[in-house]
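Please read the structure below before turning to the comments.
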Number of protein chains: 2
Amino acid sequence: MTATEGPEIAPASAAPFASFQIVQPEVPQTLARHQVKRPPPGIESTDFDLYESKQYVEHATAISSAGRRLHAAVRWLLVVSIGICTGVVAIFIDLGVEKLVGIRGDVNTALRGRSIALQYAGFVGCCLLFVAIPGFMVCFVEPLAAGSGIPEVKCFLNGVHLPRVVDLKTLLVKAPGVLFSVAAGMPCGKEGPMIHSGACIGGVIGRKGAGPLMRSFRTDIETRDLVAAGASSGVAAAFGAPLGGVLFAMEEGASFFTPVVMLRSFVCCTTAALLVRFMLAGIKGNWGQMGQAAPLSFDYFSQSAYRIWEMPVFALMGVVGGLCGAGFNTVNTHLTKWRMRNIGGTGIKRYLEVFVVTFIVTSIMFWMPVCFSGDNDPSKFSMAAKLFREPGTVSIKRLFHVHQNITSATSESSDPQASLDEWELFAFFILYYGLACLTYGLGVPSGLFVPSLLTGAAFGRLIGELVKEPFGCRWDDPGTTDPGVYALMGATAMLSGMARITVSLAVILMEASGSVQWALPIFVTCVCSKWAGDLFTIGLYDIHIELKHVPLLEAAPEREAITVSARDVMAKDLVTVSPLETVRRILQVLEDCSHGAFPVVLSSGVFVGLLKRDTLVQVLRRGKAYGVLCDRAQAGASSAQTIPFKEERTIWNLEAIKAALVEEDYAKVVDLRPYVNQGCYTVPEHACLSRVHMLFRGMGLRHLPVVKEGGIACGVITRKDLILTEHAHLGPRSPAGPLSLIGSETLLRDRSPDV
Amino acid sequence: MTATEGPEIAPASAAPFASFQIVQPEVPQTLARHQVKRPPPGIESTDFDLYESKQYVEHATAISSAGRRLHAAVRWLLVVSIGICTGVVAIFIDLGVEKLVGIRGDVNTALRGRSIALQYAGFVGCCLLFVAIPGFMVCFVEPLAAGSGIPEVKCFLNGVHLPRVVDLKTLLVKAPGVLFSVAAGMPCGKEGPMIHSGACIGGVIGRKGAGPLMRSFRTDIETRDLVAAGASSGVAAAFGAPLGGVLFAMEEGASFFTPVVMLRSFVCCTTAALLVRFMLAGIKGNWGQMGQAAPLSFDYFSQSAYRIWEMPVFALMGVVGGLCGAGFNTVNTHLTKWRMRNIGGTGIKRYLEVFVVTFIVTSIMFWMPVCFSGDNDPSKFSMAAKLFREPGTVSIKRLFHVHQNITSATSESSDPQASLDEWELFAFFILYYGLACLTYGLGVPSGLFVPSLLTGAAFGRLIGELVKEPFGCRWDDPGTTDPGVYALMGATAMLSGMARITVSLAVILMEASGSVQWALPIFVTCVCSKWAGDLFTIGLYDIHIELKHVPLLEAAPEREAITVSARDVMAKDLVTVSPLETVRRILQVLEDCSHGAFPVVLSSGVFVGLLKRDTLVQVLRRGKAYGVLCDRAQAGASSAQTIPFKEERTIWNLEAIKAALVEEDYAKVVDLRPYVNQGCYTVPEHACLSRVHMLFRGMGLRHLPVVKEGGIACGVITRKDLILTEHAHLGPRSPAGPLSLIGSETLLRDRSPDV
């Protein structure tokens, strides 16, 4: 059922359930209120269910204990290698950005003393030159490398295989690309792309391995777990937050996270974080020492205590951050829709847009500090002016730390803490907020973390500076929270308001801040921000997933799903096979449709199992060699040999198969019974959609046969059909509202009988 | 199917699957190698599946949007109240212990100067007096309050309802009990009982509420989520570790943890931690300030960097800790078995044992310091001598911090840091290890955290002191890790080796240490310890669950489960009902068996759904009032009324129902169709046990009907039967071995086709 039958699905045909007619409650006529949107081409769902055929069971039981141990050992090895590779990529990006920013700084320094127009031209030209590289790669080489990549990774882990999303090519475009787009001074971060790079590494290592040891990892479920480990190690490497990485993969990604997968991600994250700590400390000259450095760390926050009255202030900041985030998401949604209509995902128009936006952004970055200080001499810049010119990670630290001197690779910012003007800071906040919104969705690799953290930090610092006056707090009083902590809370609020991640985000920020001390205020801010934001929009990553029409299987069905039955959703035009089938018919079935699996039914119509396309191809390809093709008279004799499970199952070229068959083979009969997934789950046709949804999500299914009374096969629901029909019937996901937070009314409200 | 049919299950009857006979691979004859152990009486499984009857669907769709919002609001309110109550209980226990320890200290101080025999008598007598209280309460009032309670909570969250495990009575015995057992100086902690107390609070608040608003929370699934929130807030309150709390509930507890449940636990944990921080800082005089205090916190660790060569040392300490933990578990298993045979769970023998063990423990606690320093004057005690006399939490801090002066409520330990003798420390380590092993399983509330942390800290400090010599490290060199950090790693290793918790344990310890700095070494130590320990035994909590024969549904099926089919596991002596049934027959069914649900079958034997016992009772009880009982001629007319779902469904007294019926009612017919769970999952009889296991675990089922060809009902698998038969066929859980860690070969090895 690879092709989606979504739009063609007939409305509920009220076929009576024979002698046991269940009267469904009436379905409100407000359903079917939305158009079905077709997903992008090439999307495949993945299948995590147990394929319980005789062939597989024989294979699984034949593996020796030593073989299993070897497999487990190789898996641990893979996990550790993914951690190491992700760490290396993160270090490469981090050092690369530093180097490029240094070069850009040198150019600007060299032009100092020349006319302001020349300085401006040098500043903007340098940025345009930098941004030309990632723009070209995204617009003409690999459009999937645009943006942060987190929506794509989320889809992959959910069970939707967008083509090339975790491939080597994407990695090779993304990692060097983000280096240049960040170095160009654009309001974008390198952290999202680091996470995507980690996922790519997981995918490449899992799927491209050759040899008998590695071949066994080329399954959907192993790939997903390795990609999950890779993505989480990307977080770990980017923020030095191994724990946040694991939680990020759990909260945002994997629909199916057992303690085992958790531990594996954990080891992968620890490896990546250890490597990054070791290398970054070493490169600074302290080889052997394990510092606290990471591509994005917040430096050491003071251990001062906070007051109980500050908690409501933090909560209020969370609410404001959530509202700002919702505004950002709304504007960005419209912008993205406009981009999709008028610019498209690839090509010269998108490439030109990159230059236009970069020109606007860098012009503002250049002229605002000049406006503030009346001169383009960085040594005279105020703090807010510096924020425009410095790399985002340095600016964040500047806002977070009141007492500390910040140094960075750019020569412009090596002087001590400058004076702070509240109005200038406010102007920076507003402008940067707008520029970040303009940039996200541009045709360059660009993360969301740094711009939202920086915007939020500016907002928070502003609050911190304002709060300290009326309450008479002084920074040097040990009992008082300093404005840097307010900046941290502001950053938390803004990021949470945009991305709507709660637990994992809070943990990432806690780990980046280096101290457990601020965990509770961060948590409170985070939850309040999400709460406020959910009143208006869903998270930005989810918005981008929806705009791409990717069929994402949510954790819980919509409330109304209980009124829709499986019958309304299933595809009824079944292509079935019999347990004993001729070669001719099998070939014909494979040629005529692109379904991923076929229900196996008896002549009476009784459903007996599901047969996957790849297994059917294997039977045709290898059947002759194993003597599985036989005359009709002998068919079904139990003496027949079975093709071993480990035979290649991925050859899809039917022509090659046909070439190997002679004319008389076509009439021969194959006993398909050993290859059928005989335990395959089914649902009765009157089962409600909530149940179907939960089964798909909980068991990681791709196909679910529907049976009517007497076990007669009457339809198949595919993952894609399920989601598209849900969208069609129930509308796209809406924000859950304040009382529910991440849709808390969803799964449980449908499962707990009294709600 | 409440009664277990486990032992009576017939071996695989190879009933041919009619026209589509699937030849199962041969099952190795080594199965059925274990005796089935019957679980303790009164155990009920809980059911988290959607009960998709017309009655329920009508009810669910009728609830207004405002009603749903109100429900969600009440749920948030409950979650916050659970957090507050758990925080209050934690503070009560913490302050109570401090007070009682102070009283005991005063007694000992008063006796100073008297003869050593009198001092000894005073010391031991005071302890025996204290321990008499919790001992009495556990042995004669509520035996479930013994031990840490974590195994019981784990079982509850897994879906096994041990009677009274989260009741008010248990809470009222546990919380005051642990106060005295800790104050008596026994090697036990208050943290496990705090977690159990939190779970009890969740259970009480969820289930005992009256009124229409609260009644809707009296469902299995809501109770489980509230108990999970309560248990996690217990961790949060005990360690000041909100994040660790959430992860603990995820890793150890809930088999079913969606992001929604996670966020709810998170809010609960944050509330509890905030309250504890606020109160503990306030009680020390800093009202309004939010400190870092918690019932068990490690104080502030220095921010020094560690060297790369220390990582292997930590890893090695992890391995040693894992081996020590495995030894502890093995000895404790034998001890517990001996206790179960010779002492029992309640009564005078168990009470006497408490006194005997306390006498042994306190005698050693008294005499060892005297041996070390030749005198019973605390001011002359060496550091190791102090460890014997101080409360565990103080001793842990003493071992963790080299420079700091420790003060505690006992007058004996208010003097500055004493000298440290390695041999004395070693003696303390060995003795305390033994005493902790002797104590765990005694008839008093006693946690495992503090004794294992303290043993481990002694071991780690020993290593730290030894390491610093050959490597020439000095404590005051900022580039060198101090021995206190080694103590932290030792504590991690020992606790992880006993409990075999990884991610959540590491997070708890990181949060308790107050700094993210040491997270990576803690993670590495933790994983190595678990790895080493898994070579020999499973975790101590799991051991105690197994010793009690509680049917716990593991996250993943055993490897061999793929060779067993549903047919081999199911109960075949079905008690079924028809869609139209007489009152007489329904009453008879309810009286004759105690099954929790009944398959509904047509006269042809075709399965059409499942009917829960409580619904059947409701039909009998309320049927007359709603006119549901009718004559045979009118039966099945669709005009019949349906009993509303919200009618009481928990009255189990059949006599009362009978009294309300007159003779002619018995012959009347009830149309049961609106009450049948019509979407109920089924599996074909040849489906393998792995699949059945995953369906049970993933969907939270209690009953799973098994059908044969044509949809004919042929058996039912209950949760309990499944687990008992798995144990019978496949043996009890064995440690997973070094390459797999927490059974990494489990679920995935059975689901990934190439292993």
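Report every pair of residues separated by at least 6 positions or lying on different chains whose Cβ atoms are under 9 Å apart, first residue within segment B:505-516 and of a type outside the set (V, I, T) and surrounded by 24 or more Cβ atoms within 10 Å (Cβ to Cβ), second part of a loop (DSSP other than H, G, I, E, B) and modelled with pLDDT of 85 or more.
Listed by first residue and then by second, the contacts come to B:L509/B:A241; B:M510/B:A241; B:E511/B:G240; B:E511/B:A241; B:A512/B:G240; B:A512/B:A241.
Please indicate, with yes or no, whether at least one residue in segment A:77-91 is more than 7 Å from chain B (Cβ to nearest Cβ), part of a loop (DSSP other than H, G, I, E, B) and at pLDDT 80 or above. Walk me through how you get there before you give the answer.
Start the filter on segment A:77-91 by keeping residues that are more than 7 Å from chain B (Cβ to nearest Cβ), which leaves A:77-91.
Now restrict to residues that are part of a loop (DSSP other than H, G, I, E, B): none.
So far as segment A:77-91 goes, no, none of its residues is more than 7 Å from chain B (Cβ to nearest Cβ), part of a loop (DSSP other than H, G, I, E, B) and at pLDDT 80 or above.
Checking A:L296 against (1) more than 11 Å from chain B (Cβ to nearest Cβ); (2) modelled with pLDDT of 85 or more, which single condition isn't satisfied?
Going through (1) more than 11 Å from chain B (Cβ to nearest Cβ); (2) modelled with pLDDT of 85 or more one by one, A:L296 breaks only (2).
Considering only residues that are farther than 30 Å from B:V313 by Cβ and buried (at least 21 other Cβ atoms within 10 Å of the Cβ), look in segment B:539-549 and name the one that is nearest to the other protein chains (Cβ to nearest Cβ). Walk me through it before giving the result.
At the first step, the residues of segment B:539-549 found to be farther than 30 Å from B:V313 by Cβ are B:544-549.
Remaining after also requiring buried (at least 21 other Cβ atoms within 10 Å of the Cβ): B:544-545.
Numbers: B:H544: 19, B:I545: 16 Å.
The extreme case among them is B:I545.
Being within 30 Å of A:R75 (Cα to Cα), within 9 Å of another protein chain (Cβ to nearest Cβ) and at pLDDT 65 or above is the requirement here; does B:L689 meet it?
Details: within 30 Å of A:R75 (Cα to Cα): yes; within 9 Å of another protein chain (Cβ to nearest Cβ): no; at pLDDT 65 or above: yes.
So B:L689 fails the test.
Within the group B:L275, B:L243, which residue is at the interface with chain A (Cβ under 8 Å from one of its Cβ atoms) and either closer than 20 Å to B:L553 by Cβ or at pLDDT 85 or above (or both)?
Criteria check complete, one pass: B:L243.
Can you find even one residue in segment B:95-109 that is in contact with a helix residue (DSSP H, G or I) (Cβ under 7 Å, 6 or more places away or on another chain), among the hydrophobic types (A, V, I, L, M, F, W, C), assigned to a helix (DSSP H, G or I) and free of Cβ contacts under 8 Å to residues at least 60 places away in the same chain?
The answer is yes, given that some residue of segment B:95-109 is in contact with a helix residue (DSSP H, G or I) (Cβ under 7 Å, 6 or more places away or on another chain), among the hydrophobic types (A, V, I, L, M, F, W, C), assigned to a helix (DSSP H, G or I) and free of Cβ contacts under 8 Å to residues at least 60 places away in the same chain.
Among the residues of segment B:590-611, which ones are under 17 Å from B:V628 (Cβ atoms) and surrounded by fewer than 22 Cβ atoms within 10 Å (Cβ to Cβ)?
Across segment B:590-611, the qualifying residue is only B:L590.
Report yes if some residue within segment A:193-205 is of a type in the set (G, A, S), over 24 Å from A:L95 (Cα atoms) and at pLDDT 85 or above; otherwise report no.
Within segment A:193-205, one or more residues are of a type in the set (G, A, S), over 24 Å from A:L95 (Cα atoms) and at pLDDT 85 or above.
Being under 29 Å from B:A229 (Cβ atoms) and more than 10 Å from every other protein chain (Cβ to nearest Cβ) is the filter here, so list the residues in segment B:278-292 that pass it.
Answer for segment B:278-292, where residues must be under 29 Å from B:A229 (Cβ atoms) and more than 10 Å from every other protein chain (Cβ to nearest Cβ): B:M279, B:L280, B:I283, B:K284.
Within segment A:543-646, which helices (runs of 4 or more DSSP H) (wholly inside it) include 3 or more residues that are small (G, A, S)?
So the answer is none; nothing clears 3.
Only one of A:V260, A:V331, A:V267 is out of contact with any Gly (no Cβ under 8 Å at 6 or more places or on another chain) and among the hydrophobic types (A, V, I, L, M, F, W, C); which?
None of the others qualify; the one that does is A:V331.
Run B:S578 past the list (1) under 17 Å from B:F598 (Cα atoms); (2) more than 13 Å from every other protein chain (Cβ to nearest Cβ); (3) of a type in the set (S, T, Y) and report the number of the one that doesn't hold.
(2)
Checking the conditions here, which among A:A566, A:A506 is within 9 Å of chain B (Cβ to nearest Cβ), within 30 Å of A:L616 (Cα to Cα) and of a type in the set (A, V, I, L, M, F, W, C)? If you could, list the steps in order and put the result at the bottom.
Numbers: A:A506 fails: within 30 Å of A:L616 (Cα to Cα).
Of A:A566, A:A506, the one residue that is within 9 Å of chain B (Cβ to nearest Cβ), within 30 Å of A:L616 (Cα to Cα) and of a type in the set (A, V, I, L, M, F, W, C) is A:A566.
Take B:I9 and tell me if it is surrounded by 14 or more Cβ atoms within 10 Å (Cβ to Cβ) and modelled with pLDDT of 90 or more. Before the answer, list the steps.
Working: surrounded by 14 or more Cβ atoms within 10 Å (Cβ to Cβ): yes; modelled with pLDDT of 90 or more: no.
Criteria not met by B:I9.
Every residue in segment B:514-538 that is at pLDDT 85 or above and either facing chain A (nearest Cβ under 8 Å) or not in a helix (DSSP H, G or I) (or both), please.
B:A519, B:L520, B:F523, B:V524, B:V527, B:L535, B:F536, B:T537, B:I538
State yes or no: is B:Y51 in a loop (DSSP other than H, G, I, E, B), facing chain A (nearest Cβ under 8 Å) and either surrounded by 17 or more Cβ atoms within 10 Å (Cβ to Cβ) or at pLDDT 85 or above (or both)? Explain how you work it out, then say what you get.
Numbers: in a loop (DSSP other than H, G, I, E, B): yes; facing chain A (nearest Cβ under 8 Å): yes; either surrounded by 17 or more Cβ atoms within 10 Å (Cβ to Cβ) or at pLDDT 85 or above (or both): yes.
So B:Y51 passes the test.
Take A:S65 and tell me if it is more than 14 Å from every other protein chain (Cβ to nearest Cβ), small (G, A, S), farther than 30 Å from A:Y440 by Cβ and without any contact (Cβ under 8 Å) to a residue 24 or more places away in the chain.
On the way: more than 14 Å from every other protein chain (Cβ to nearest Cβ): no; small (G, A, S): yes; farther than 30 Å from A:Y440 by Cβ: yes; without any contact (Cβ under 8 Å) to a residue 24 or more places away in the chain: yes.
Taking the combined requirement at face value, the residue does not satisfy it.
Is it true that A:P187 is more than 12 Å from every other protein chain (Cβ to nearest Cβ), crowded, with 24+ Cβ neighbours inside 10 Å, touching a Lys or Arg at 6+ places or on another chain (Cβ under 9 Å) and not hydroxyl-bearing (S, T, Y)?
Criteria not met by A:P187.
One line per residue, one yes/no per condition, for (1) within 11 Å of chain B (Cβ to nearest Cβ); (2) modelled with pLDDT of 90 or more:
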residue	(1), (2)
A:R697	yes, no
A:R702	no, no
A:V707	yes, yes
A:I723	no, no
A:S740	yes, no
A:L748	yes, no
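Pick from B:P451, B:P445: which is surrounded by 24 or more Cβ atoms within 10 Å (Cβ to Cβ), in contact with a Cys (Cβ under 7 Å, 6 or more places away or on another chain) and modelled with pLDDT of 90 or more?
From the options B:P451, B:P445, the qualifying one is B:P451.
When you scan segment B:134-228 for helices (runs of 4 or more DSSP H) that lie fully inside it, which ones turn up with 1 or more residues that are within 20 Å of B:I43 (Cβ to Cβ) and not aromatic (F, W, Y)?
Ranges flagged: B:150-158, B:168-183, B:191-208.
Test A:A121 against the criterion of being among the hydrophobic types (A, V, I, L, M, F, W, C) and either surrounded by fewer than 17 Cβ atoms within 10 Å (Cβ to Cβ) or under 31 Å from the mean Cα position of the chain (by Cα) (or both), and give yes or no. Talk me through it step by step, then tell me what you get.
Details: among the hydrophobic types (A, V, I, L, M, F, W, C): yes; either surrounded by fewer than 17 Cβ atoms within 10 Å (Cβ to Cβ) or under 31 Å from the mean Cα position of the chain (by Cα) (or both): yes.
Yes.
Taking B:G147 and the conditions (1) within 30 Å of B:K386 (Cα to Cα); (2) buried (at least 17 other Cβ atoms within 10 Å of the Cβ); (3) at pLDDT 90 or above, which numbered condition does it fall short on, given that it satisfies the others?
Unmet for B:G147, out of (1) within 30 Å of B:K386 (Cα to Cα); (2) buried (at least 17 other Cβ atoms within 10 Å of the Cβ); (3) at pLDDT 90 or above: (3).
So the check is Cβ under 6 Å with 6+ separation or different chains; which pairs have a first residue in segment B:277-299 that's without any contact (Cβ under 8 Å) to a residue 60 or more places away in the chain and over 24 Å from B:F449 (Cβ atoms) and a second one that's surrounded by fewer than 18 Cβ atoms within 10 Å (Cβ to Cβ) and among the aromatic types (F, W, Y)?
none
The values are calculated or read from the model by the stated rules, or taken from the named source; none is laboratory data. Note that the structure is predicted; figures quoted are calculated from it, not measured. Here the Cβ is made from the backbone with ideal geometry for all residues, glycine too, and neighbour counts use every protein chain on show.
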